[in-house]
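Scroll down for the structure; my scribbles are underneath it.
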Amino acid sequence: MHGLIKPSQMKHVANYQLEDFLRDASFKKWVSEGAFQNADTQWSRWLEQFPEKKKLALSAREILMASKLEEPPFPEDYFVKIEKYVLDQVSRRKNRHAYLRYGIAASVLFFILLNGWFWINKGDSDASQTKLADRVSALQENDTFLTADNTTGSIIPVALPDGSSVLLHPESHLHYERKPDGIRTVELKGKAFFEVAPKGPEEAFKVIAGEMVTHVLGTSFTITAFQNEKNFSVIVKTGEVAVNTVSGESDQSGTITLKPNEQVSFNRKDASFIQESISQREIRIHTPATSSIYVFEDTPATEVFKRIGREYGLDIVMDEKLLADCGLTTNLTDEPLFQKLKIICRSIGPATGFSIDGNQIQIFSGGCNQ
């Protein structure tokens, strides 16, 4: 029954946090039945009325899809324990320099959120807490900073600690930092395609490229900003971004807002912008040929990986014989690349994962349901 939404129910959803979505049985059912593909459901209409909760709901959807919706409920104090432990570890850090580890921190935290509480609930509490501490300790090096240089002749994938994905072009450099106020900042020299993991307004994402700054909450776009070029540019594939000069960022008077299939060119000499709509052909030149939604119905896992690799322009290497009998049924939307891969790997089995080696993504697996 899709009746009117009661004010009390609306207020309830307005206060939801990530753990509330993950515990809500009706939300889980909505995710398992296609989520936003069914626009006339109560949850679809609720989230349209609370757009500030929509991105959080999508994050919860990703976690539920990756866990196949089969995990028992999270313990009441699980998220509190995780948050406290991570914050304690971060506060003790003495060496704040980061090294490129290809997203170890993000992967570990994701794994903890899905599986760590099983250890907490098992017989030997002390041993379980030790295992949890070992997993979380990997966060100490790069949950806040990351630096990547592409000195190769190919585009390389880079996993940011916040779950965002970057395709870094040759002769390009980026430095990622999550500020104490929660704002995620990337300094870019060169060219890169970004898929930004959505967070709350307090964790905004911005890219500083020379004299130009681009603000975004969750979207995909390409920035070209080579230091020896006269002009920079921003091209939006999905979502919305706001572009300004670094000097004009505080008053927002010269801000340019870009929507999908729009581009802004920035003249560095006179700090001026030219905004224009561009064709799909031009979009495909500067951004990957990814889809807004993927629907897989008992599709061979090898075909799924090949399609993702082909559309992102990346080489995904796997043991095809090992995965030959693995069929995948799932839906993907506009999740960043590495979140898509996590969902796919978890759907195949807990022993399946991936690693990054230069411009290649390597899939490792123990086989279907292993």
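The values are calculated or read from the model by the stated rules, or taken from the named source; none is laboratory data. Values in this document were obtained by computation on a predicted structure and should not be read as measured data. Quick reminder, even Gly has a Cβ in these numbers, built from the backbone with ideal geometry, and neighbours come from all protein chains shown. Ligands, DNA and RNA are excluded from the accessible area calculation, which covers all protein heavy atoms including side chains. Shrake-Rupley method; radii C 1.70, N 1.55, O 1.52, S 1.80 Å.
Screening the stretch 1-68 for helices (runs of 4 or more DSSP H) wholly inside it with 1 or more residues that are under 28 Å from Gly349 (Cβ atoms) and either β-branched (Val, Ile, Thr) or at pLDDT 80 or above (or both) returns the ranges 18-23, 25-32, 51-66.
Considering only residues in the stretch 350-370 that are of a type in the set (Gly, Ala, Ser) and on the phi < 0 side of the Ramachandran plot, the one that is farthest from the chain's Cα centre (by Cα) turns out to be Gly366.
Yes or no, residue by residue, for (1) surrounded by fewer than 18 Cβ atoms within 10 Å (Cβ to Cβ); (2) at pLDDT 90 or above:
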residue: Gly327; (1), (2): yes, no
residue: Pro336; (1), (2): no, yes
residue: Ala351; (1), (2): yes, no
residue: Gln362; (1), (2): yes, yes
residue: Gly367; (1), (2): yes, no
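Between Pro350, Pro288, the distinction of being under 20 Å from Lys237 (Cα atoms) and in a loop (DSSP other than H, G, I, E, B) belongs to Pro288 only. Right, Lys189: assigned to a strand (DSSP E or B) and within 24 Å of Ser277 (Cα to Cα) or not? Judged against the criteria, Lys189 is not a match.
Of all the listed residues (Phe266, Phe296, Phe273, Phe305), the sole one being part of a strand (DSSP E or B), over 23 Å from Ile208 (Cβ atoms) and among the aromatic types (Phe, Trp, Tyr) is Phe296. Applying the criterion of being open to solvent by less than 10 Å² (accessible area, probe 1.4 Å) and assigned to a strand (DSSP E or B) to the residues of the stretch 192-208, the residue that is nearest to Asn244 (Cα to Cα) is Val207.
Condition check for Thr287 on (1) under 17 Å from Thr219 (Cα atoms); (2) polar (S, T, N, Q); (3) open to solvent by 20 Å² or more (accessible area, probe 1.4 Å): one failure, at (3). The residues of the stretch 221-260 that are open to solvent by less than 10 Å² (accessible area, probe 1.4 Å) and closer than 23 Å to Pro198 by Cα, listed by number, are Phe221, Thr222, Ile223, Val234, Ile235, Val236, Val241, Val243, Asn244, Leu258. Kindly check whether there is at least one residue in the stretch 151-171 that is farther than 25 Å from Ser292 by Cα and crowded, with 18+ Cβ neighbours inside 10 Å. No, the stretch 151-171 contains no residue that is farther than 25 Å from Ser292 by Cα and crowded, with 18+ Cβ neighbours inside 10 Å. Out of curiosity, is Gly153 in a strand (DSSP E or B), over 22 Å from Thr255 (Cβ atoms) and modelled with pLDDT of 90 or more? Answer is no for this residue. The sole residue among Val236, Val264, Val246 that is within 23 Å of the chain's Cα centre (by Cα) and β-branched (Val, Ile, Thr) is Val236. Of all residues in the stretch 209-218, those that are open to solvent by 10 Å² or more (accessible area, probe 1.4 Å), of a type outside the set (A, V, I, L, M) and within 18 Å of the chain's Cα centre (by Cα) total 2.
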